[in-house]
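Written out below as structure tokens is the structure these notes cover.
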Amino acid sequence: MNIHLAENIVDIYQRHGLAWTAQRGRHLYEKAWLDLFLSYVPAQAEILDIGCATGVPIAEYLIKQKYKVTGVDSSASMLAVARQKFTLHTWLLQDMRQLHLSKPFAGILAWDSFFHLTAEAQREMFARFAQYSLSGTVLMFTSGPEAGEAIGEMFGEPLYHASLSQTEYRMLLKKYGFHVLKMQAQDVTCTGHTVWLAQQQI
């Protein structure tokens with residue numbers, strides 16, 4: 001297990017996050033999934049964006065749809081941009097593995113963030129998802145298509161990713177009271193992302 005690489009994630013995004021954001025651009029290739037997510041979230045409700053980065057383009061899209069966003073990220077430089085651009089929303093410098101929030105949310109999003117955690121840390125996150133959920137809360141996250149580790153690259157540095165098996169994700173969701181609304185592995189309409197959409201039991 002490449003635990004040392006997993007521990008470098010925060011530092012990598014602190015140093016390269018703004019350049020990564022500029023490179024990623026504003027094109028919202030996630031729009032169809034975000035629209036499906038929002039179709040289950042009450043209008044103008046509060047959404048938790050875990051790994052929000054600068055807030056562009058995902059949180060920005062949620063805000064334009066008149067949702068109240070609380071963003072959490074471990075990169076101070078990226079959060080500074082979000083705070084400057086979206087002053088009426090809440091931006092918290094926290095490690096998702098140690099979330100400390102004052103309230104639950106109607107929607108929880110962990111897009112391209114949760115999958116940087118080790119397998120064991122991902123297992124532990126499901127209790128946190130449940131802790132900050134209401135009855136009917138909608139959860140959406142991205143993962144790998146199968147169990148294992150993968151090492152990508154960000155500006156020449158190794159970038160850690162991990163995934164549990166689809167069976168284990170389903171087991172954990174069920175254990176913590178979520179039922180799967182939709183799951184798509186390697187969605188070709190969304191740059192090959194593997195996406196999970198689930199809802200806390202009502």
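The values are calculated or read from the model by the stated rules, or taken from the named source; none is laboratory data. Bear in mind that the values here come from a model prediction, so they are computed numbers and not experimental data. Note that we place each Cβ from the backbone using ideal geometry, even for glycine, and neighbour counts take in every protein chain shown. Just so you know, the surface numbers come from the protein's heavy atoms only, side chains and all, with ligands and any DNA or RNA stripped out. Shrake-Rupley method; radii C 1.70, N 1.55, O 1.52, S 1.80 Å.
Couple of notes before you dig in:
- Residue in region 79-87 that is over 30 Å from GLY148 (Cβ atoms), of a type in the set (Val, Ile, Thr) and outside any helix (DSSP H, G or I) present: yes
- Region 30-48 residues that are open to solvent by 80 Å² or more (accessible area, probe 1.4 Å), paired with ones that are assigned to a loop (DSSP other than H, G, I, E, B) (beta carbon under 6 Å, 6 or more apart): GLN44/LYS66
For every residue, the table says whether it meets (1) free of Cβ contacts under 8 Å to residues at least 60 places away in the same chain; (2) open to solvent by less than 40 Å² (accessible area, probe 1.4 Å).
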{"position": "GLY55", "(1), (2)": "yes, yes"}
{"position": "LEU62", "(1), (2)": "yes, yes"}
{"position": "LYS68", "(1), (2)": "yes, no"}
{"position": "ALA76", "(1), (2)": "no, no"}
{"position": "LEU79", "(1), (2)": "yes, yes"}
{"position": "LYS85", "(1), (2)": "yes, no"}
{"position": "ARG97", "(1), (2)": "yes, no"}
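- Listed by first and then second residue, the pairs with beta-carbon distance under 9 Å, at least 6 apart or on different chains, first residue in region 170-189 and at negative phi, second of a type in the set (Lys, Arg), are LEU172/ARG123; VAL180/ARG170; VAL180/LYS174; MET183/ARG170.
- Just one of the listed residues (SER133, SER113, SER102, SER165) is polar (S, T, N, Q), under 22 Å from GLU7 (Cβ atoms) and either surrounded by 14 or more Cβ atoms within 10 Å (Cβ to Cβ) or out of contact with any His (no Cβ under 7 Å at 6 or more places or on another chain) (or both), namely SER113.
- Hey, ILE202 surrounded by fewer than 19 Cβ atoms within 10 Å (Cβ to Cβ) and under 21 Å from GLY51 (Cα atoms) or not: no
- Positions within region 116-155 being outside any strand (DSSP E or B) and of a type in the set (Val, Ile, Thr), in sequence order: THR118
- Selected residue (criterion: nearest to ILE58 (Cα to Cα)) from residues of region 132-172 that are among the aromatic types (Phe, Trp, Tyr) and in contact with a Ser or Thr (Cβ under 9 Å, 6 or more places away or on another chain): PHE141
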